[in-house]
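The values are calculated or read from the model by the stated rules, or taken from the named source; none is laboratory data. Owing to the predicted nature of the structure, the values given are computational and were not obtained by experimental measurement. Because the Cβ atoms are built from the backbone with ideal geometry, glycine has one as well, and the counts that use them run over all protein chains shown. What goes into the accessible areas is simple: the full protein's heavy atoms, side chains included, and nothing from ligands, DNA or RNA. Shrake-Rupley method; radii C 1.70, N 1.55, O 1.52, S 1.80 Å.
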Amino acid sequence: MNRFDYVRAGTVAEAVQAFGAGARFIAGGTNLIDLMKYEVEKPGRLIDITRLPLDRIEDSGDGLRIGALVTNAKAAYDDRVAARYPLLRNAILAGASAQLRNAASTGGNLLQRTRCYYFYDVATPCNKRAPGSGCPAIGGMNRIHAIFGTSAHCIATHPSDMCIALAALEATVRVSGPQGDRSIPFSEFHRLPGDSPERDTNLAPGEIIVSVDLPESRFPQHYTYLKLRDRLSYAFALVSVAAALELDGDRVKTARLALGGVAHKPWRNREAEALLEGKPATRESFQAAADLIVAEAKPQSENGFKIDLARRAIVRGLEQAAAGTPQSLSDKRIQ
Ligand SMILES: Cc1cc2nc3c(=O)[nH]c(=O)nc-3n(C[C@H](O)[C@H](O)[C@H](O)COP(=O)(O)OP(=O)(O)OC[C@H]3O[C@@H](n4cnc5c(N)ncnc54)[C@H](O)[C@@H]3O)c2cc1C
Ligand code: SF4
(Lines give C-alpha, C1' and ligand atoms only; values in the text may rest on other atoms or scores of the structure.)
(Ligands and ions follow the chains in the order given, each with its own letter.)
Protein backbone atom coordinates (compact mmCIF):
# COMPACT_ATOMS: atom_id res chain seq x y z
CA MET A 1 0.00 0.00 0.00
CA ASN A 2 1.19 3.55 -0.66
CA ARG A 3 1.25 6.36 1.91
CA PHE A 4 -1.88 8.46 2.40
CA ASP A 5 -3.29 11.17 4.71
CA TYR A 6 -6.17 10.26 6.94
CA VAL A 7 -8.89 12.79 7.80
CA ARG A 8 -12.00 12.10 9.88
CA ALA A 9 -14.93 14.32 8.91
CA GLY A 10 -17.52 15.41 11.49
CA THR A 11 -20.04 16.92 9.07
CA VAL A 12 -20.97 16.47 5.43
CA ALA A 13 -19.63 19.98 4.70
CA GLU A 14 -16.27 19.07 6.29
CA ALA A 15 -16.07 15.89 4.21
CA VAL A 16 -16.76 17.80 0.99
CA GLN A 17 -14.25 20.48 1.93
CA ALA A 18 -11.53 17.91 2.70
CA PHE A 19 -11.87 16.43 -0.78
CA GLY A 20 -9.20 17.14 -3.39
CA ALA A 21 -7.32 15.43 -6.23
CA GLY A 22 -6.54 11.81 -5.29
CA ALA A 23 -8.83 11.80 -2.23
CA ARG A 24 -11.39 9.07 -1.48
CA PHE A 25 -14.20 8.87 1.03
CA ILE A 26 -14.15 5.69 3.07
CA ALA A 27 -17.22 4.11 4.69
CA GLY A 28 -17.23 0.33 5.46
CA GLY A 29 -13.98 -0.09 3.51
CA THR A 30 -15.02 -3.54 2.25
CA ASN A 31 -14.27 -2.62 -1.35
CA LEU A 32 -11.90 0.34 -1.11
CA ILE A 33 -9.39 -1.34 1.22
CA ASP A 34 -9.28 -4.42 -1.06
CA LEU A 35 -8.59 -2.18 -4.04
CA MET A 36 -5.84 -0.37 -2.13
CA LYS A 37 -4.21 -3.70 -1.22
CA TYR A 38 -4.21 -4.68 -4.91
CA GLU A 39 -2.84 -1.19 -5.75
CA VAL A 40 -5.76 -0.57 -8.07
CA GLU A 41 -6.63 2.45 -5.92
CA LYS A 42 -3.82 4.62 -4.55
CA PRO A 43 -5.55 7.50 -2.76
CA GLY A 44 -3.38 10.29 -1.43
CA ARG A 45 -6.02 11.03 1.23
CA LEU A 46 -8.70 8.94 2.92
CA ILE A 47 -11.63 10.90 4.27
CA ASP A 48 -13.31 8.79 6.94
CA ILE A 49 -17.04 9.51 6.78
CA THR A 50 -18.18 6.90 9.29
CA ARG A 51 -18.95 9.52 11.99
CA LEU A 52 -21.32 11.53 9.79
CA PRO A 53 -24.96 11.51 10.94
CA LEU A 54 -26.11 9.56 7.88
CA ASP A 55 -26.88 6.25 9.59
CA ARG A 56 -30.65 6.60 9.95
CA ILE A 57 -33.66 5.28 8.06
CA GLU A 58 -36.45 7.85 8.08
CA ASP A 59 -39.99 8.14 6.75
CA SER A 60 -40.22 10.82 4.08
CA GLY A 61 -43.84 11.49 3.16
CA ASP A 62 -45.00 8.33 1.38
CA GLY A 63 -41.48 6.97 0.96
CA LEU A 64 -38.39 6.07 2.95
CA ARG A 65 -35.00 7.77 3.18
CA ILE A 66 -32.04 5.46 3.78
CA GLY A 67 -28.93 7.32 4.97
CA ALA A 68 -25.72 6.65 3.07
CA LEU A 69 -24.09 5.12 6.16
CA VAL A 70 -26.92 2.72 6.99
CA THR A 71 -25.32 -0.71 6.80
CA ASN A 72 -26.67 -3.29 4.39
CA ALA A 73 -27.68 -5.43 7.40
CA LYS A 74 -29.55 -2.59 9.11
CA ALA A 75 -31.44 -1.78 5.87
CA ALA A 76 -32.36 -5.41 5.23
CA TYR A 77 -33.66 -5.99 8.76
CA ASP A 78 -35.51 -2.70 9.15
CA ASP A 79 -39.24 -3.43 9.69
CA ARG A 80 -40.32 -0.68 7.28
CA VAL A 81 -38.05 -1.97 4.51
CA ALA A 82 -39.26 -5.53 5.12
CA ALA A 83 -42.94 -4.52 5.01
CA ARG A 84 -42.89 -1.87 2.27
CA TYR A 85 -39.87 -2.72 0.11
CA PRO A 86 -39.32 -6.49 0.48
CA LEU A 87 -37.74 -6.55 -2.99
CA LEU A 88 -34.91 -4.38 -1.66
CA ARG A 89 -34.57 -6.52 1.45
CA ASN A 90 -34.29 -9.71 -0.61
CA ALA A 91 -31.75 -8.18 -2.98
CA ILE A 92 -29.54 -7.02 -0.10
CA LEU A 93 -29.71 -10.43 1.59
CA ALA A 94 -28.75 -12.14 -1.68
CA GLY A 95 -25.44 -10.21 -1.63
CA ALA A 96 -22.11 -10.86 0.10
CA SER A 97 -22.04 -12.49 3.57
CA ALA A 98 -23.54 -11.58 6.94
CA GLN A 99 -20.16 -10.21 8.09
CA LEU A 100 -19.76 -8.04 5.02
CA ARG A 101 -23.35 -6.79 5.20
CA ASN A 102 -22.68 -5.67 8.79
CA ALA A 103 -19.87 -3.42 7.55
CA ALA A 104 -20.94 -2.44 4.02
CA SER A 105 -22.82 0.84 3.71
CA THR A 106 -25.62 1.96 1.41
CA GLY A 107 -23.47 4.63 -0.27
CA GLY A 108 -20.49 2.31 -0.65
CA ASN A 109 -22.66 -0.37 -2.19
CA LEU A 110 -23.70 2.02 -4.96
CA LEU A 111 -20.05 2.86 -5.65
CA GLN A 112 -18.43 -0.56 -5.36
CA ARG A 113 -16.36 -1.28 -8.45
CA THR A 114 -16.60 -4.02 -11.04
CA ARG A 115 -15.38 -7.53 -10.35
CA CYS A 116 -13.72 -7.89 -13.78
CA TYR A 117 -10.58 -9.95 -13.09
CA TYR A 118 -8.39 -7.77 -15.31
CA PHE A 119 -9.43 -4.65 -13.41
CA TYR A 120 -8.02 -6.19 -10.21
CA ASP A 121 -4.80 -7.40 -11.84
CA VAL A 122 -2.44 -4.44 -12.21
CA ALA A 123 -0.11 -6.57 -14.35
CA THR A 124 -2.69 -6.44 -17.19
CA PRO A 125 -3.99 -3.50 -19.24
CA CYS A 126 -7.50 -2.26 -18.44
CA ASN A 127 -9.25 0.85 -19.74
CA LYS A 128 -11.24 1.26 -16.53
CA ARG A 129 -8.13 1.21 -14.32
CA ALA A 130 -5.64 2.77 -16.75
CA PRO A 131 -7.56 4.70 -19.44
CA GLY A 132 -6.30 4.04 -22.97
CA SER A 133 -4.40 0.85 -22.08
CA GLY A 134 -6.89 -1.57 -23.69
CA CYS A 135 -9.48 -4.14 -22.72
CA PRO A 136 -8.13 -7.70 -22.54
CA ALA A 137 -11.57 -9.02 -21.56
CA ILE A 138 -12.68 -8.49 -25.17
CA GLY A 139 -11.63 -11.76 -26.76
CA GLY A 140 -10.18 -12.90 -23.41
CA MET A 141 -11.77 -14.43 -20.32
CA ASN A 142 -15.22 -12.92 -20.40
CA ARG A 143 -17.61 -15.53 -19.01
CA ILE A 144 -18.82 -13.08 -16.32
CA HIS A 145 -18.97 -10.02 -18.56
CA ALA A 146 -21.76 -7.91 -20.02
CA ILE A 147 -24.18 -8.73 -22.84
CA PHE A 148 -25.95 -5.36 -22.92
CA GLY A 149 -24.70 -1.80 -23.38
CA THR A 150 -21.04 -2.70 -23.90
CA SER A 151 -18.54 -0.60 -25.83
CA ALA A 152 -15.29 -1.30 -27.68
CA HIS A 153 -13.54 0.07 -24.57
CA CYS A 154 -15.09 -2.00 -21.75
CA ILE A 155 -17.48 -4.91 -21.26
CA ALA A 156 -17.48 -4.99 -17.44
CA THR A 157 -20.60 -5.57 -15.37
CA HIS A 158 -21.91 -3.65 -12.41
CA PRO A 159 -21.65 -5.95 -9.36
CA SER A 160 -24.25 -4.77 -6.82
CA ASP A 161 -27.42 -6.68 -5.96
CA MET A 162 -28.97 -3.87 -3.94
CA CYS A 163 -28.71 -1.49 -6.91
CA ILE A 164 -30.76 -3.81 -9.13
CA ALA A 165 -33.68 -3.57 -6.70
CA LEU A 166 -33.16 0.20 -6.33
CA ALA A 167 -33.32 0.57 -10.11
CA ALA A 168 -36.62 -1.34 -10.28
CA LEU A 169 -38.01 0.68 -7.37
CA GLU A 170 -36.96 3.95 -9.07
CA ALA A 171 -35.05 5.30 -6.10
CA THR A 172 -33.32 8.68 -6.09
CA VAL A 173 -29.77 9.32 -4.89
CA ARG A 174 -29.28 12.52 -2.83
CA VAL A 175 -25.78 13.93 -3.00
CA SER A 176 -23.92 16.92 -1.60
CA GLY A 177 -20.85 18.46 -3.20
CA PRO A 178 -18.77 21.56 -3.86
CA GLN A 179 -21.60 22.93 -6.05
CA GLY A 180 -24.34 22.22 -3.47
CA ASP A 181 -26.96 19.51 -3.09
CA ARG A 182 -28.83 17.64 -5.83
CA SER A 183 -30.91 14.52 -6.41
CA ILE A 184 -30.07 12.03 -9.16
CA PRO A 185 -32.69 9.57 -10.45
CA PHE A 186 -31.34 6.05 -10.10
CA SER A 187 -31.49 5.43 -13.86
CA GLU A 188 -29.04 8.32 -14.36
CA PHE A 189 -26.70 7.49 -11.49
CA HIS A 190 -24.61 4.72 -13.09
CA ARG A 191 -23.14 5.03 -16.60
CA LEU A 192 -22.60 2.80 -19.59
CA PRO A 193 -18.88 2.45 -20.44
CA GLY A 194 -18.85 4.33 -23.79
CA ASP A 195 -15.40 5.77 -24.38
CA SER A 196 -14.79 6.64 -20.71
CA PRO A 197 -15.21 3.40 -18.77
CA GLU A 198 -13.07 4.77 -15.94
CA ARG A 199 -16.22 6.68 -14.85
CA ASP A 200 -18.77 4.33 -13.28
CA THR A 201 -21.27 7.03 -12.28
CA ASN A 202 -22.39 10.57 -12.99
CA LEU A 203 -21.17 11.84 -9.62
CA ALA A 204 -19.05 14.99 -9.94
CA PRO A 205 -15.64 15.11 -8.20
CA GLY A 206 -16.05 15.65 -4.46
CA GLU A 207 -19.75 14.76 -4.37
CA ILE A 208 -20.74 12.59 -1.43
CA ILE A 209 -23.84 10.38 -1.31
CA VAL A 210 -26.08 11.51 1.52
CA SER A 211 -29.06 9.17 1.16
CA VAL A 212 -31.02 6.89 -1.10
CA ASP A 213 -34.68 7.91 -1.25
CA LEU A 214 -37.38 5.37 -2.02
CA PRO A 215 -40.67 6.59 -3.50
CA GLU A 216 -44.07 5.40 -2.29
CA SER A 217 -44.16 1.64 -1.84
CA ARG A 218 -46.18 0.01 -4.64
CA PHE A 219 -44.91 -3.54 -4.92
CA PRO A 220 -45.00 -5.22 -1.50
CA GLN A 221 -47.20 -8.10 -2.74
CA HIS A 222 -45.80 -8.99 -6.15
CA TYR A 223 -42.03 -8.94 -6.39
CA THR A 224 -39.00 -11.19 -6.61
CA TYR A 225 -35.23 -10.89 -6.62
CA LEU A 226 -33.84 -13.89 -8.46
CA LYS A 227 -30.05 -14.21 -8.37
CA LEU A 228 -28.27 -16.86 -10.44
CA ARG A 229 -24.62 -17.53 -9.67
CA ASP A 230 -22.01 -20.25 -9.72
CA ARG A 231 -22.63 -21.32 -6.12
CA LEU A 232 -25.50 -20.83 -3.71
CA SER A 233 -23.93 -18.17 -1.54
CA TYR A 234 -21.12 -15.66 -1.44
CA ALA A 235 -20.78 -15.10 -5.17
CA PHE A 236 -21.64 -12.28 -7.53
CA ALA A 237 -24.56 -12.66 -9.95
CA LEU A 238 -24.13 -14.13 -13.41
CA VAL A 239 -27.64 -12.92 -14.05
CA SER A 240 -30.11 -11.43 -11.60
CA VAL A 241 -33.67 -10.17 -12.02
CA ALA A 242 -35.57 -7.70 -9.87
CA ALA A 243 -39.22 -7.98 -10.85
CA ALA A 244 -42.05 -5.92 -9.36
CA LEU A 245 -45.66 -5.99 -10.49
CA GLU A 246 -48.88 -4.21 -9.64
CA LEU A 247 -51.81 -6.37 -10.72
CA ASP A 248 -55.35 -5.39 -11.57
CA GLY A 249 -57.20 -8.69 -11.33
CA ASP A 250 -55.30 -11.03 -13.61
CA ARG A 251 -53.79 -8.19 -15.66
CA VAL A 252 -50.54 -6.34 -15.21
CA LYS A 253 -51.12 -2.71 -14.26
CA THR A 254 -47.49 -1.70 -13.68
CA ALA A 255 -44.33 -3.69 -14.39
CA ARG A 256 -40.78 -2.95 -13.31
CA LEU A 257 -37.88 -5.13 -14.29
CA ALA A 258 -34.17 -4.61 -13.75
CA LEU A 259 -31.39 -7.05 -14.56
CA GLY A 260 -28.02 -7.47 -12.85
CA GLY A 261 -24.83 -9.21 -13.96
CA VAL A 262 -25.45 -8.33 -17.60
CA ALA A 263 -24.46 -4.68 -18.08
CA HIS A 264 -22.26 -1.87 -16.79
CA LYS A 265 -25.27 -0.56 -14.86
CA PRO A 266 -28.57 -2.02 -13.62
CA TRP A 267 -30.28 -2.84 -16.91
CA ARG A 268 -33.84 -1.72 -17.56
CA ASN A 269 -35.83 -1.93 -20.77
CA ARG A 270 -38.83 0.41 -20.64
CA GLU A 271 -40.32 -1.03 -23.85
CA ALA A 272 -40.51 -4.48 -22.27
CA GLU A 273 -42.18 -3.01 -19.18
CA ALA A 274 -44.69 -1.17 -21.41
CA LEU A 275 -45.32 -4.37 -23.36
CA LEU A 276 -46.41 -6.09 -20.16
CA GLU A 277 -48.73 -3.36 -18.95
CA GLY A 278 -52.40 -4.12 -19.62
CA LYS A 279 -51.57 -7.71 -20.61
CA PRO A 280 -52.67 -10.83 -18.74
CA ALA A 281 -50.13 -11.94 -16.15
CA THR A 282 -49.34 -15.16 -18.00
CA ARG A 283 -46.23 -17.03 -19.08
CA GLU A 284 -46.95 -16.00 -22.68
CA SER A 285 -46.81 -12.28 -21.81
CA PHE A 286 -43.69 -12.80 -19.72
CA GLN A 287 -41.97 -14.69 -22.53
CA ALA A 288 -42.76 -11.88 -24.97
CA ALA A 289 -41.15 -9.35 -22.60
CA ALA A 290 -38.11 -11.58 -22.08
CA ASP A 291 -37.69 -12.07 -25.84
CA LEU A 292 -37.82 -8.32 -26.40
CA ILE A 293 -35.16 -7.71 -23.75
CA VAL A 294 -32.68 -10.35 -24.92
CA ALA A 295 -33.08 -9.38 -28.59
CA GLU A 296 -30.63 -6.55 -27.84
CA ALA A 297 -27.98 -8.82 -26.29
CA LYS A 298 -24.50 -8.97 -27.81
CA PRO A 299 -22.53 -11.94 -26.48
CA GLN A 300 -18.76 -12.06 -26.08
CA SER A 301 -16.67 -15.15 -26.85
CA GLU A 302 -17.45 -16.95 -23.54
CA ASN A 303 -20.68 -15.51 -22.16
CA GLY A 304 -23.30 -16.41 -24.77
CA PHE A 305 -24.94 -18.68 -22.18
CA LYS A 306 -26.12 -15.56 -20.35
CA ILE A 307 -28.65 -14.78 -23.07
CA ASP A 308 -30.74 -17.91 -22.52
CA LEU A 309 -30.12 -17.72 -18.77
CA ALA A 310 -31.43 -14.14 -18.73
CA ARG A 311 -34.46 -15.05 -20.86
CA ARG A 312 -35.45 -17.87 -18.53
CA ALA A 313 -34.68 -15.89 -15.37
CA ILE A 314 -36.90 -13.01 -16.51
CA VAL A 315 -39.82 -15.37 -17.13
CA ARG A 316 -39.32 -17.10 -13.81
CA GLY A 317 -38.89 -13.83 -11.92
CA LEU A 318 -42.11 -12.44 -13.39
CA GLU A 319 -44.01 -15.67 -12.68
CA GLN A 320 -42.85 -15.64 -9.08
CA ALA A 321 -43.79 -11.98 -8.73
CA ALA A 322 -47.24 -12.55 -10.24
CA ALA A 323 -47.89 -15.54 -8.00
CA GLY A 324 -46.89 -13.54 -4.93
CA THR A 325 -44.54 -16.31 -3.93
CA PRO A 326 -41.05 -14.83 -3.96
CA GLN A 327 -38.21 -17.25 -4.36
CA SER A 328 -36.90 -18.79 -1.16
CA LEU A 329 -33.72 -17.06 -0.03
CA SER A 330 -31.98 -20.41 0.20
CA ASP A 331 -32.94 -21.81 -3.21
CA LYS A 332 -31.31 -19.85 -6.00
CA ARG A 333 -31.25 -22.50 -8.68
CA ILE A 334 -33.16 -22.37 -11.93
CA GLN A 335 -34.43 -25.46 -13.72
C1 LIG B 1 -15.94 -11.17 -0.71
C2 LIG B 1 -16.98 -10.16 -1.09
C3 LIG B 1 -18.19 -10.59 -1.63
C4 LIG B 1 -19.15 -9.66 -1.99
N5 LIG B 1 -20.34 -10.08 -2.54
C6 LIG B 1 -21.25 -9.17 -2.93
C7 LIG B 1 -22.46 -9.56 -3.57
O8 LIG B 1 -22.73 -10.75 -3.78
N9 LIG B 1 -23.34 -8.59 -3.92
C10 LIG B 1 -23.09 -7.26 -3.70
O11 LIG B 1 -23.92 -6.42 -4.05
N12 LIG B 1 -21.94 -6.85 -3.13
C13 LIG B 1 -21.04 -7.77 -2.75
N14 LIG B 1 -19.87 -7.36 -2.17
C15 LIG B 1 -19.55 -5.94 -2.18
C16 LIG B 1 -19.95 -5.18 -0.94
O17 LIG B 1 -21.36 -5.13 -0.90
C18 LIG B 1 -19.36 -3.80 -1.10
O19 LIG B 1 -17.97 -3.92 -0.91
C20 LIG B 1 -19.91 -2.80 -0.13
O21 LIG B 1 -21.29 -2.61 -0.33
C22 LIG B 1 -19.22 -1.47 -0.23
O23 LIG B 1 -19.63 -0.67 0.86
P24 LIG B 1 -18.55 -0.03 1.84
O25 LIG B 1 -19.29 0.84 2.79
O26 LIG B 1 -17.67 -1.07 2.44
O27 LIG B 1 -17.75 0.85 0.80
P28 LIG B 1 -16.22 1.34 0.81
O29 LIG B 1 -15.33 0.19 0.48
O30 LIG B 1 -15.94 2.14 2.03
O31 LIG B 1 -16.28 2.35 -0.41
C32 LIG B 1 -16.54 1.92 -1.73
C33 LIG B 1 -16.48 3.13 -2.65
O34 LIG B 1 -17.55 4.02 -2.34
C35 LIG B 1 -17.05 5.31 -2.02
N36 LIG B 1 -17.99 5.79 -1.00
C37 LIG B 1 -18.41 5.11 0.10
N38 LIG B 1 -19.40 5.80 0.70
C39 LIG B 1 -19.57 6.95 -0.02
C40 LIG B 1 -20.47 8.06 0.09
N41 LIG B 1 -21.39 8.15 1.05
N42 LIG B 1 -20.37 9.04 -0.83
C43 LIG B 1 -19.45 8.98 -1.83
N44 LIG B 1 -18.59 7.96 -1.97
C45 LIG B 1 -18.67 6.95 -1.08
C46 LIG B 1 -15.63 5.10 -1.58
O47 LIG B 1 -14.85 6.25 -1.80
C48 LIG B 1 -15.21 3.95 -2.48
O49 LIG B 1 -14.85 4.45 -3.75
C50 LIG B 1 -18.90 -8.27 -1.78
C51 LIG B 1 -17.69 -7.84 -1.21
C52 LIG B 1 -16.73 -8.78 -0.87
C53 LIG B 1 -15.45 -8.28 -0.27
S1 SF4 C 1 -13.96 -5.14 -19.23
FE2 SF4 C 1 -13.58 -3.08 -18.46
S3 SF4 C 1 -12.80 -3.47 -16.42
FE4 SF4 C 1 -12.53 -5.37 -17.58
S5 SF4 C 1 -10.51 -5.30 -18.60
FE6 SF4 C 1 -11.96 -4.44 -20.00
S7 SF4 C 1 -11.82 -2.25 -19.57
FE8 SF4 C 1 -11.01 -3.28 -17.79
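Relative contact order for the range 110-213: 28 percent, from Cα pairs under 8 Å spaced at least 6 residues apart, divided by residue count.
Highest mean first, how do 157-164, 115-122 rank when packing is the count of other Cβ atoms within 10 Å averaged over residues?
157-164, 115-122
Between the amide H of VAL239 and those of LEU228, distances stay under 5 Å, these residues lying 5 or more places away or on another chain, with hydrogens modeled in the peptide plane. Each other residue within a Cβ distance under 9 Å of SER176 adds +1 if Lys or Arg and -1 if Asp or Glu, for a net charge of 0. Reducing the range 210-240 and the range 44-60 to their Cα centroids gives an inter-centroid distance of 23 Å. Magnitude of the charge dipole for the range 122-196, about its Cα centre and with charges confined to Cβ atoms of Lys, Arg (+1) and Asp, Glu (-1), is about 200 debye.
Farthest toward the positive end of the dipole of the chain, out of ILE66, LEU87, LEU46, is the Cα of LEU46, where the dipole comes from beta carbon charges about the Cα centre. Taking all protein chains into account, the per residue accessible area for the range 178-294 stands at 43 Å² (1.4 Å probe).
Among the chymotrypsin sites (Phe, Trp or Tyr not before Pro) found in the range 199-234, those both in a DSSP coil and sparsely packed, with 14 or fewer other Cβ atoms within 10 Å of their Cβ, are TYR234. Once the Cα-Cα distance is subtracted from the 0.36 nm per residue extended length, the ARG270 to ALA21 segment shows a gain of 85.9 nm. Where does helix 283-294 land angle-wise versus the long Cα axis of the chain, in degrees 0 to 90, nearest 10? Its long axis makes an angle of about 40 degrees.
Spacing of the modelled spin labels on ALA13 and LYS37, each 7 Å from Cα toward Cβ, amounts to 3.8 nm.
Working from label points 7 Å from Cα in the Cα-to-Cβ sense, the ALA152 to ASN202 distance is 2.6 nm.
Annotation: the range 27-117 has a Kirkwood hydrodynamic radius of 14.2 angstrom, from the mean reciprocal C-alpha pair distance.
From most to least packed by mean Cβ count within 10 Å, the peptides 264-270, 76-82 give 264-270, 76-82.
Across the range 133-185, the convex hull enclosing all Cα atoms gives 133 Å³ per residue.
Tell me, in nm to one decimal, what length is gained between ASP181 and ASP62 on full extension, where the rule is 0.36 nm per residue of separation less the Cα-Cα distance?
Length difference between fully extended and current span is 40.7 nm.
Taking a point 7 Å from the Cα of ASP250 along the Cα-to-Cβ direction, the residues of the range 213-227 with backbone N closer than 19 Å to it are 222.
Looking at the square roots a ≥ b ≥ c of the eigenvalues of the Cα gyration tensor of the chain, which shape do they give, rounded for a/c under 1.5, prolate if a/b is larger than b/c, or oblate? It is oblate, given that a/c is not under 1.5 and a/b is not larger than b/c. What you get for the chain, charging only the Cβ of Lys and Arg (+1) and of Asp and Glu (-1), is a dipole of about 680 debye around the Cα centre. The angle separating the long axis of helix 305-323 from the principal Cα axis of greatest extent in the chain is about 70 degrees. Placing +1 on each Lys and Arg Cβ and -1 on each Asp and Glu Cβ, with no other charges, gives the range 28-177 a dipole about its Cα centre of roughly 220 debye.
The mean of 1/r over all pairs of different alpha-carbon atoms in the range 70-192, once inverted, gives a Kirkwood hydrodynamic radius of 16.2 Å. For the chain, the fraction of 1.4 Å probe accessible surface lying on carbon and sulfur atoms is 49 percent.
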